[in-house]
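To start, the structure itself, in structure tokens.
The values are calculated or read from the model by the stated rules, or taken from the named source; none is laboratory data. Here the structure is a predicted model, which means the values were calculated and not measured. Virtual Cβ from ideal backbone geometry, glycine too; neighbours counted across all protein chains shown.
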Amino acid sequence: MKKWKVGILGATGSVGQRFVQLLENHEFFEVTHLAASDKSAGNVYGDVMASRWKVSNNIPEYAKKIKVSKCSPSDTPGVNLVFSGLDSSIAGEVETEYAKAGIMVISNSKNHRNDTDVPILSAEVNPGHLEILNYQATPGKIITNSNCTIMGVTITLKPIFEKFGIESVVLFSMQAISGAGYPGVPSLDILGNVVPHIGGEEEKAEFEPLKCLGKLENGQIVPADFKISAHCNRVPVIDGHTVCVSIKLKKQATIEEIKKVWNEFEGEPQKLKLPSAPAKVIDYREEIDRPQPRLDLMSGNGMATTVGRLRKDTVLDFKYVLLSHNTIRGAAGAAILNAELIYKKGLNKAG
Ligand code: NAP
């Protein structure tokens, strides 16, 4: 199959830089356009990013020479699809403009996640929700990722939900600074500190897993029918969101049975051998003090969800800890995996 020409909207931000890095020499996609705000547009990416590149040693060579465009379909001609890492103040409007122009949008922003005809897609969890694209009125379709904290939570809940059912979940997040973009949280607020509030995060954490685990009925996603209570905190870690989860099940289960469903969990990305699919979706660690961001962040090239400390809970049934890379699995990597699934299934009319 021919490679699709793709653009990255918000290419200068934390998520945008990950896209630029992860799409270097991609098997299915060729990056032809990098777009950002008016203040970055007009100069080549290498110059714009000279002191802003933060995700690896060097800016990939292919990207350095691309002139940064404005974020509009007329400024990014010829693309089959755009990845969006745009700030939410602008993402909704710009993404709709692309969809109206017939260009598929794979977004990391929150703006369209609650639209009834837009899936919050996690390629291993709910690939069936892609069917809802048929109900979107625009010629180009919009697909979103879940919030970065929720990505790993939903992945660990999915096999439990399928096998045992879920009554309720209580979760407590410890979220990395890079989750707030760049330059993000001021150093004087976060160094040696914990901030027990992240605007809008708990509401997302309490809704998005339910939509991901929901059923498609008559062109609508009916959310799963359990309750989630979330406490979200910012901690002085650079990358990687850690979440402590307590869970009450509908059917009885043992620790060994839960570990087994996690261990065996795989989805279409693994069956189709998609380039960004981790071999093991859930990487369970038996050590008593894992997962830890410093040790486990890059499991499965940053695409696996590392889990540990599954044990009995004295109030609900079980509790465990998970770690997920927020700008890879929680953002750019997951968006690329979604696009790989769509490419492989031939679901983009503009492709
Ligand atoms: P960021 O570092 O602040 O980057 C924001 C990007 O948006 C930059 O490229 C910026 O371009 C561009 N932008 C801002 N205002 C614009 C405008 N008026 N017109 C066009 N472009 C504009 O943010 P981020 O952390 O990468 O997050 C990007 C999106 O992904 C957000 O919606 C966020 O909620 C979501 N997200 C982030 C993470 C994470 O871990 N960071 C994870 C999941 C989802 P300039 O540089 O030119 O200003």
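You will find that of V118, V105, V170, the residue that is under 30 Å from I255 (Cβ atoms) and touching a strand residue (DSSP E or B) at 6+ places or on another chain (Cβ under 6 Å) is V170 and no other. Kindly indicate which of S69, S56 is at pLDDT below 95 and more than 20 Å from E206 (Cα to Cα). Within the list S69, S56, the selection yields S56.
Within segment 146-169, being in a helix (DSSP H, G or I) and over 17 Å from the mean Cα position of the chain (by Cα) holds for P159, I160, F161, E162, K163, F164. Look at segment 1-25: where a residue is more than 14 Å from A332 (Cα to Cα) and a partner is of a type outside the set (V, I, T) and in a loop (DSSP other than H, G, I, E, B), sitting 6+ places away or on another chain with Cβ atoms under 7 Å, you get K3/F28; W4/F28; W4/N80; W4/G351; K5/G78; K5/N80. Residues considered: G85, G7, G16. Of these, the only one that is surrounded by 24 or more Cβ atoms within 10 Å (Cβ to Cβ) and in contact with a Ser or Thr (Cβ under 6 Å, 6 or more places away or on another chain) is G7. With the structure loaded, tell me whether L310 is over 20 Å from the mean Cα position of the chain (by Cα) and under 19 Å from V55 (Cα atoms) or whether it fails that test. In short, no. Annotation note: of I328, I282, the sole residue that is closer than 30 Å to A101 by Cβ and either within 16 Å of the ligand (Cβ to nearest atom) or touching a strand residue (DSSP E or B) at 6+ places or on another chain (Cβ under 8 Å) (or both) is I328. Within the option set A230, A180, being outside the structural domain of D87 (by TED's automatic domain parsing) and within 25 Å of K312 (Cβ to Cβ) holds for one residue only, A230.
For beta carbons closer than 6 Å, sequence separation of 6+ or different chains, a first residue in segment 176-205 that is farther than 19 Å from Q292 by Cβ and a second that is in a loop (DSSP other than H, G, I, E, B) and within 11 Å of the ligand (Cβ to nearest atom), the qualifying pairs are G181/G13; K204/N147.
Would you call L130 surrounded by fewer than 24 Cβ atoms within 10 Å (Cβ to Cβ), assigned to a helix (DSSP H, G or I), at pLDDT 95 or above and touching a helix residue (DSSP H, G or I) at 6+ places or on another chain (Cβ under 8 Å)? When the stated conditions are applied, L130 passes them.
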